[in-house]
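Since the structure comes first, as structure tokens, the remarks are kept for the end.
The values are calculated or read from the model by the stated rules, or taken from the named source; none is laboratory data. Values in this document were obtained by computation on a predicted structure and should not be read as measured data. Quick reminder, even Gly has a Cβ in these numbers, built from the backbone with ideal geometry, and neighbours come from all protein chains shown. Ligands, DNA and RNA are excluded from the accessible area calculation, which covers all protein heavy atoms including side chains. Shrake-Rupley method; radii C 1.70, N 1.55, O 1.52, S 1.80 Å.
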Amino acid sequence: NSGVMSLLRPLLLDVVPTIQQTAALALGRLANYNDDLAEAVVKGGILPQLVCSLPEQNRFYKKAAAFVLRAVGKHSPQLAQAIVQCGALEMLMICLEDFDPGVKEAASWALGYIARHDSELSQAVVDAGAVPLLVLCIQEPEIALKRIAASTLSDISKHSPELAQTVVDAGAIAHLAQMILNPDAKLKRQVLSALSQIAKHSVDLAELVVEAEIVPVVLTCLKDSDEYVKKNGATLIREIAKHTPELSQLIVNAGGVAAVIDCIGSCKGTVRLPGIMMLGYVAAHSENLSMAVIVSKGIPPLCACLIEEHEDHIKAAAAWALGQVGRHTSEHARAVAVANVLPVLLAMYMDTRSSEDLQMKASIFKALKNILQKCTYLPALEPLMRDAPPNIMKHVVGQFSKVLPHDSKARRLFVTSGGLKKVQEIQAEPGSLLQEYINTINNCYPEEIVR
């Protein structure tokens, strides 16, 4: 407000190098604070000045200038675009080739903040020739530089298969894969994130990541003491497993399902989310893969997530995953039902608080429907007859109508437990599917019992 920006601008061209650097640092800190101040730096015509004098400046000035670019570019795609338009990318390439690791780091960081916004900005960074230089940076000895370069490769890869392919073509996967076992937790986070962003796009890219022999190694990350290493490790496994049954099978064979289940059991909150999704994806592919989740005792921790977690999207993911496990055959559905999942799902479906989140409600309904349509384990179905709303009751009664005609023991139990009585109380539309189911059940019994 006091007009400092216009006073700092001429100082960028001062004859004393220390004054230049300090002025750049001041501008960077102002721009870093919020997007209005970053906008003021752009409108004040400061960027071209920063950029034009850069090649002949010393390393301190280069670091400070890259910091200004990063501070401006982080706020919005529009501000990042302004940086690209003033010709800063060429300057940042010069910095990436500097011998000083601090200058490389500052440049890499600025490029990451530009690339993360959208695929066009990311493409601009790629077109400037950043990717091969970043791949060289992850091979440097300095940990801080490795971290930032890996993070920037992750930001470039995330937008599209084509951008990810550019990173792969520069040979990034092999170097990233070697760093999964690095003792530095922050580096591991970025490396796992970058590999996830590559693997998520397509089967081909996921297979290239797997071919770098990351699979047994990445499972050790699920036991890491750092929560984000755990989360990013589980995300990477999820992004590989989701594509095909073959890739899922490969993870299962390496002990991946058991490792993810342990990981879900040992943490709380959003760290659990990628693991929950991974189990759902694996189970969705085939009966055998779903059985692998059941045999590895995956149902109790998923059920625990339903009960313990407070956030709706985590509960919804757990419900979805349980639905995927239970939807294949009556054996799969029984494994889920025996764990007492159905009453929990029903209670959540009926809960007025969760009904505000329609997506959550839909995913729970779908999970219930998936499991119910295969479930022939009647003791788990009976408790649902007390409180289920009509749209779920239809599926419950439907399962009874499938089993009772062929099972005399179940028919007796159904009378003594009060199930048959409950069926008589259901108000069904004449001619509806529910009415048909009720008629089928009633036809299993002599008329006087029904009366």
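Skip the ligands, DNA and RNA, and give the accessible area per residue of the range 1-133 with a 1.4 Å probe, whole Å².
45 Å²
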To the nearest 10 degrees, how steep is helix 227-241 against the longest Cα principal axis of the chain, on a 0 to 90 scale? 70 degrees
Per 0.36 nm of contour for each residue apart, how much would the distance between residue 211 and residue 35 grow if the chain were fully extended, relative to their Cα-Cα spacing? 59.1 nm
Going by a ≥ b ≥ c, the root eigenvalues of the Cα gyration tensor, does the chain fall in the rounded group (a/c under 1.5), the prolate group (a/b larger than b/c) or the oblate group? prolate
Aspartates and glutamates within cross-link reach of residue 242: Cα-Cα under 20 Å, excluding same-chain residues under 8 positions apart? 162, 204, 207, 211, 213, 262, 287
Accessible area of the range 1-141 with a 1.4 Å probe: how many percent of it is carbon plus sulfur? 56 percent
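Classify the range 334-411 from the C-alpha gyration tensor, please: rounded if a/c falls under 1.5, else prolate or oblate depending on whether a/b exceeds b/c. The partial results should precede the final answer.
Numbers: a/c = 2.31, a/b = 2.10, b/c = 1.10.
Because a/c hits 1.5 or more and a/b exceeds b/c, the range 334-411 counts as prolate.
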From the cross-link list 74/146; 74/268; 230/315; 223/297, the entries with a Cα-Cα span beyond 26 Å are 74/268
Taking the dipole about the Cα centre of the range 391-450, with the C-beta of Lys and Arg at +1 and of Asp and Glu at -1, give me whichever of 410, 439, 398 is farthest to the positive side. 410
Leaving out ligands and nucleic acids, note down the accessible area per residue over the range 161-207 with a 1.4 angstrom probe, in whole Å². 39 Å²
Any idea what angle helix 341-350 forms with the longest principal axis of the chain, computed on alpha-carbon atoms, 0 to 90 degrees, nearest 10? 80 degrees
Compute the convex hull volume of the Cα atoms of the range 127-243, divide it by the residue count, and report the result per residue in Å³ as a whole number. 84 Å³
What the Cα atoms of the range 391-450 span along the principal axes, largest first and in whole Å, is 28, 21, 17
0 to 90° range, to nearest 10: angle between helix 59-73 axis and the chain longest Cα axis: 40 degrees
Relative contact order for the chain: what is it in percent, counting Cα pairs under 8 Å that are at least 6 residues apart? 7 percent
Per-residue [θ]222 nm for the chain (sum of -39500 (n - 2.57) over DSSP H runs n ≥ 4, rounded to 500): -22000 deg cm²/dmol
Give me the percent of accessible area attributable to carbon and sulfur for the range 391-450, probe 1.4 angstrom. 51 percent
